[in-house]
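Throughout, read-outs are computed from the coordinates displayed, never taken from laboratory work. The structure displayed is predicted, hence computed values, not measured ones. Here the Cβ is made from the backbone with ideal geometry for all residues, glycine too, and neighbour counts use every protein chain on show.
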Amino acid sequence: MDSAISDPRPARADAPLSANASQGLKIVIVGGFGVGKTTMVRSFSEIRPLDTEATMTQVGYGVDDATLAPEKSTTTVAFDFGRITIDDEHVLYLFGAPGQERFWFLWDRLFTGALGAIVLVDPRRITDSWYAIDRLEHQRTPFIVACNNFGDSATVDEVRDALDLDPQVPLIECDARQRESCKSVLITLVEYLYNPEISQ
């Protein structure tokens with residue numbers, strides 16, 4: 001079934017911004033291949049999200065490691081986009097970055113102008129997140145880390161140690177499929193942006 005047909009949220013053209021909207025705030029969701037970035041944008045967004053999901057083909061075999069996501073049949077080839085209206089004046093724009101190495105050249109452009117970022121981690125593949133953290137630190141973009149729940153996996157403390165995170169960088173668990181869980185991630189990021197000296 002076409003997801004656009006089954007999605008009850010309005011399309012962007014049917015959900016114009018408030019005439020008073022004057023502050024657009026950009027948030028980037030980044031991480032390795034198949035960690036749930038597209039799913040998180042879909043869970044967050046108040047409008048029907050824009051995505052650039054393409055069907056995975058045999059050409060990608062051996063290039064994109066889908067070992068831990070055998071049911072994955074599509075992948076992001078540019079970026080995902082969603083929107084959250086905070087109030088009449090403030091709107092959050094959500095950008096999900098593609099995870100494959102061959103698309104990393106897009107990341108720095110996506111980070112430009114970002115208020116902050118969420119590094120989404122699959123605790124079964126922690127090393128896939130190292131590059132995202134390196135790039136964010138290089139760009140001096142504030143970020144938090146969210147461990148997507150894939151069942152039995154490393155603990156939050158083990159993930160923090162493996163990523164060698166600064167103690168003040170928040171690291172929380174989440175389920176990218178659940179809107180309330182994703183809202184908690186976003187709230188954690190906003191609180192961190194305004195109170196960076198407070199560690200989690």
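Taking 0.36 nm per residue of sequence separation and removing the Cα-Cα distance, the Trp130/Asp166 pair yields an extension gain of 11.6 nm.
Testing the spin-label approximation: label points 7 Å from Cα along Cα→Cβ at Ile86 and Ser6. State their distance in nm. Inter-label distance under the simple model: 3.4 nm.
Seen from Thr141, the other residues with C-beta closer than 11 Å to its C-beta sum to a net charge of +1, counting Lys and Arg as +1 and Asp and Glu as -1.
Computed extension length for Glu158-Leu193: 10.2 nm, one decimal, from 0.36 nm per residue of separation with the Cα-Cα distance subtracted. Peptides 31-38, 177-184, ordered by how many other C-beta atoms sit within 10 Å of their residues on average, highest first, read 31-38, 177-184.
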